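Single-structure report; data block below.
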Amino acid sequence: MDTSPTQPLTIQEISNARPGVKIIRLTGPVTIHNFSDFQELTEKDLLPQVLIVDLSAVPYIDSAALGVFVAIHVACDASGRKYALAGANERLKNLFDLAYVRTFLAIYDSVAEAETHLLPA
């Protein structure tokens, strides 16, 4: 897999039967060079009641992209919405630990686990 900083980011919305839930699957590295489309997709006015970002196909993110994930968390928290990251690899988990964002970001091993914790039974 090409992991150069300019590699395009693929963004896919996964359909979900539950209303108010949006699952976004990202593929490729998330960097300052390619996160603008993702950032636009998650603007405050477009946020669903529950947003899950699937990172299972993301090899790495840079600090600018990390800032976007934090900004989404802040917007969701301020508006009473739920937000989680899912499927992060060890490299991403280490970054989240180093940046101390695991203390407030909801991070799950899989989308299914995130759905279990965020959605009512």
Please enumerate the residues belonging to the stretch 82-98 that are farther than 19 Å from Glu113 by Cβ and touching a helix residue (DSSP H, G or I) at 6+ places or on another chain (Cβ under 8 Å). Leu95
When Ser56 is evaluated against the numbered criteria (1) in contact with a helix residue (DSSP H, G or I) (Cβ under 7 Å, 6 or more places away or on another chain); (2) at pLDDT 95 or above, which criterion, by number, is the only one it fails? (1)
Might you let me know whether the stretch 75-98 holds any residue that is more than 20 Å from Ser56 (Cα to Cα), among the aliphatic types (A, V, I, L, M), touching a strand residue (DSSP E or B) at 6+ places or on another chain (Cβ under 9 Å) and at pLDDT below 95? yes
Just checking, which of Thr27, Thr10 is surrounded by fewer than 16 Cβ atoms within 10 Å (Cβ to Cβ), over 23 Å from Pro120 (Cβ atoms) and touching a strand residue (DSSP E or B) at 6+ places or on another chain (Cβ under 7 Å)? Thr10
Does the stretch 41-52 contain any residue that is at pLDDT 90 or above, more than 13 Å from the chain's Cα centre (by Cα) and basic (Lys, Arg)? no
Which of (1) within 23 Å of Leu119 (Cβ to Cβ); (2) under 13 Å from the mean Cα position of the chain (by Cα); (3) surrounded by fewer than 21 Cβ atoms within 10 Å (Cβ to Cβ) does Cys76 not meet, given it meets every other one? (3)
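The values are calculated or read from the model by the stated rules, or taken from the named source; none is laboratory data. Small disclaimer: the values here were computed from a predicted structure and weren't measured. Cβ sites come from the backbone with ideal geometry, for glycine too, and all protein chains shown count toward neighbours.
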